[in-house]
Amino acid sequence: MLEKILLLKNPKYILILILLLTAFLRLYRLDYPNKYIFDEVYHGFTATEYLKGSKEAWEWWTKAPEGVAYEWTHPPLAKEIMTASMFITRSQDAWAWRLPAALLGILSVFVVYKLGLILLKNNSSALIATFIFSIDGLNFVQSRIGMNDIYHVTFFLLSLLTLLNKRVIFSAILFGLAISSKWAAIYGLLFLFIPYLLFKQQYRKLTLFIIIPPLVYLTSYIPFFLHGHALDQFIKLQQQMWWYHTGLKAAHDYASPWWSWPLNLYPVWYFVDYQKDKIANIFASGNPPVFWFGIIALILTGWEAVKKRSFNLFLILMGFLVFWLPWAISPRIMFLYHYSPSVPFLTLALGHQLGSRFDNKRKGMVLLLLSIMVAGFILLFPFLTGMHIPSFLVHLFFLTNLTKNPF
């Protein structure tokens with residue numbers, strides 16, 4: 001089946017199939033559970049408070065009702081987009097605040113394809129990378145929850161794509177949207193400068209990345225000022241955010257060190273529902289075969305980048321490392337979902353390695369590896385979407401899995 005799909009003469013049809021599958025899986029049961037799960041008690045709750053016009057939702061010194069909290073530790077754009085979704089759909093149900101993340105998750109898969117065409121210059125490689133990214137469990141779950149990770153991942157990928165297409169102003173605006181969703185996007189700033197080595201005559205345009213993103217960031221706080229907050233309160237809020245992220249020493253059962261993320265050792269438990277003889281879970285987890293094969297692909301791609309002096313392959317490797325390695329010196333508590341921005345580049349490395357071998361008459365090996373990744377996603381799917389399955393199968397899964405057993 002996979003071979004027939006990959007051998008279709010028109011790659012446009014393959015891409016459409018991947019995107020249709022992506023859309024269906026990300027929108028499937030998006031309303032379940034219809035309540036806050038994991039950090040939605042911060043992000044989703046605060047977005048609903050924005051919708052109500054709550055001034056307190058912007059203030060770090062105010063106390064929220066028990067069981068939820070005002071989310072001021074991250075920039076507001078992702079929450080504002082959730083608010084806009086609830087306003088447009090006239091709904092405050094879970095699917096309404098999760099919908100923008102799902103749409104961005106679908107868009108991110110398409111952007112990986114476009115990046116693959118530019119960086120890999122091979123349709124087979126780009127399509128394979130796109131397909132693998134579409135069945136990555138980590139970004140899959142983050143595009144089905146009201147958190148901000150898929151926002152900054154997608155906006156950054158779009159920023160890179162527009163920069164590679166030499167649309168610098170748009171790239172700077174999109175980068176501003178990324179950092180207005182989550183500060184972690186700032187790791188990509190030096191990475192975005194790298195393509196300028198290709199555009200020697202455009203060094204002066206680098207100043208756009210110094211001017212435009214801060215303006216976009218400031219614009220995202222317009223509601224903060226409209227609620228009557230002063231400039232000095234805005235500055236103090238940024239200080240509070242910095243102190244929070246550099247001084248957070250809290251413990252959490254599902255926290256994990258940065259080095260463990262490529263191995264997918266510590267998925268994050270988002271939700272559980274116990275029934276008489278069935279259990280539903282939602283974990284933020286990578287697709288293990290994708291992550292594990294991806295490590296090998298990154299090593300091979302790095303070696304190729306040096307051996308062939310390939311700038312494009314170097315970009316893929318740098319895209320992976322620039323969002324992963326800085327966490328090695330982070331003082332705060334960390335979780336697997338912080339690895340989300342590195343995964344698109346991991347899948348591009350996989351696309352390159354498998355695509356080049358597929359075109360070189362080693363289709364059997366490529367199809368076998370892709371089949372293993374598909375099987376990994378299928379086995380993991382109930383744990384990514386909260387499907388109720390028999391309790392004994394849940395316990396069996398954890399007995400045969402490297403992940404931590406919560407039961």
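Structure data summary
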| quantity | calculated |
| --- | --- |
| Three-way shape label, the stretch 3-126, alpha-carbon gyration tensor, a/c 1.5 | prolate |
| Among 302-309, 13-20, the order from most to least packed when residues are scored by Cβ within 10 Å on average | 13-20, 302-309 |
| The stretch 2-399: proportion of alpha-carbon pairs further apart than 37 angstrom, % | 21 |
| Rounded to whole Å, sorted largest first: equivalent-ellipsoid semi-axes of the stretch 217-347, Cα gyration tensor | 33, 26, 14 |
| Most fluctuating residue given options Ile169, Ile235, Ile212, as computed from a GNM of the chain linking Cα atoms under 10 Å | Ile235 |
| Axial C-alpha extent at least 27 Å, average Kyte-Doolittle at least 1.0 - helices from the chain (DSSP) | 94-120, 288-307, 363-385 |
| Most to least packed among 80-86, 123-129 [average Cβ atoms within 10 Å] | 123-129, 80-86 |
| Cross-link pairs Lys114/Lys249; Lys114/Lys308; Lys121/Lys363; Lys114/Lys205 - those with Cα-Cα distance over 31 Å | Lys114/Lys249 |
| Hydrodynamic radius by Kirkwood, which averages 1/r over all alpha carbon pairs of the stretch 14-84, in angstrom | 13.8 |
| Of Ile282, Ile333, Ile145, the one that fluctuates the most in a GNM where the chain has Cα springs shorter than 10 Å | Ile333 |
| Pairwise label distance in nanometres, Val68 with Ala84, each label 7 Å out on the Cα-Cβ vector | 2.2 |
| The chain: relative contact order in percent, alpha carbon pairs under 8 Å with at least 6 residues between | 19 |
| Sequence-distant residues sharing a close amide H with Ile279 (under 5 Å, placed H) | Ile389, Ser391 |
| Cα→Cβ-extended label distance, 7 Å offset, between Leu379 and Asp31, nm | 3.3 |
| For the chain, built as a Gaussian network whose Cα springs stay under 10 Å, the top-fluctuating residue of Val141, Val394, Val216 | Val394 |
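Laboratory data are not the source of any read-out in this text; all were calculated from the coordinates shown. Just so you know, these numbers come straight off a predicted model, no measurement behind them. Using ideal geometry, Cβ is built from the backbone for each residue, glycine included, and neighbour counts are taken over all protein chains shown.
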